[in-house]
Amino acid sequence: MTVIDILTRVDTICKKYDKYDVDKQRESNISGDDAFARLYGAFETQIETALEKAEIVAKEKNRASAVAMNAEIRRTKARLAEEVPKLQRLAVKRVKGLTTEELAARNDLVLALPARIEAIPDGTAGGTKSTTSAWAPSTTSRPDIKFDSDGRFDDDYFQESHESSQFRQEFEMRKIKQASGDQGLDMISEGLDALKNMASDMNEELDRQVPLMDEIDSKVDRATSDLKNTNVRLKDTVNQISNLK
């Protein structure tokens, strides 16, 4: 049975028992003190949010942003996995307004959660550490809800091999190096943009100074011409005085 088949069945179960959604539960006759409904609704919201983030990561071109978002998704998955036992304890508690069959259905929903959490894409080779209870067929009083299995989903089946562990480590190292390289390229790009802006400002300033330099050249030329004419007249005057003597 593939992961897609499992997710399809889980989705069918969730739709069939969507009465446990927090918003819908408020409109029903179920007691307002139903902690399971509130916590399960929070699970659904966080899983949906994580899936939306995973879709954004799949389209993200900036490697550093993608790595950061994947890390956030992994933290969310870890936090949800830690809360599953609490939800499982709440699932078996009697609640006013719920039948025995509905209580059994809650347990099926909880059993499906680990697989749904693990199936959320997070940038790693996901699904290598699923628990046996998450994949095993339901043992509750609802025989119509089953997860097909060939009996191989035990601890040894999911044990990570040396090759896969080495590949994972190499993959993580390459991601880190790629993120560092992207950050370095971003810094270089920012530096080049700053230099380009400085060069543009200098060109604008030089363009503003050109008319002033032209005016200075004109004044220097006029002063040189006047000085030359004055020297000529002075020389003529000196010659005239010398002739008179």
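Sort Phe171, Phe36, Phe43 so the one with the fewest other Cβ atoms within 10 Å of its own Cβ comes first.
The most exposed by this proxy come first: Phe171, Phe43, Phe36.
Neighbour counts of other C-beta atoms within 10 Å: give me Thr8, Thr2 arranged from fewest to most.
Fewest-to-most Cβ neighbours within 10 Å comes out as Thr2, Thr8.
Calculated FRET efficiency, Glu205 and Glu48, Cβ-Cβ r, R0 51 Å, to nearest 0.05?
0.40
Bear in mind that the values in this text are calculations on the coordinates, not laboratory data. Just so it is clear, the structure is predicted and the values come from calculations on it, not from any experiment. All Cβ positions, glycine included, derive from the backbone under ideal geometry; neighbour counts span all protein chains shown.
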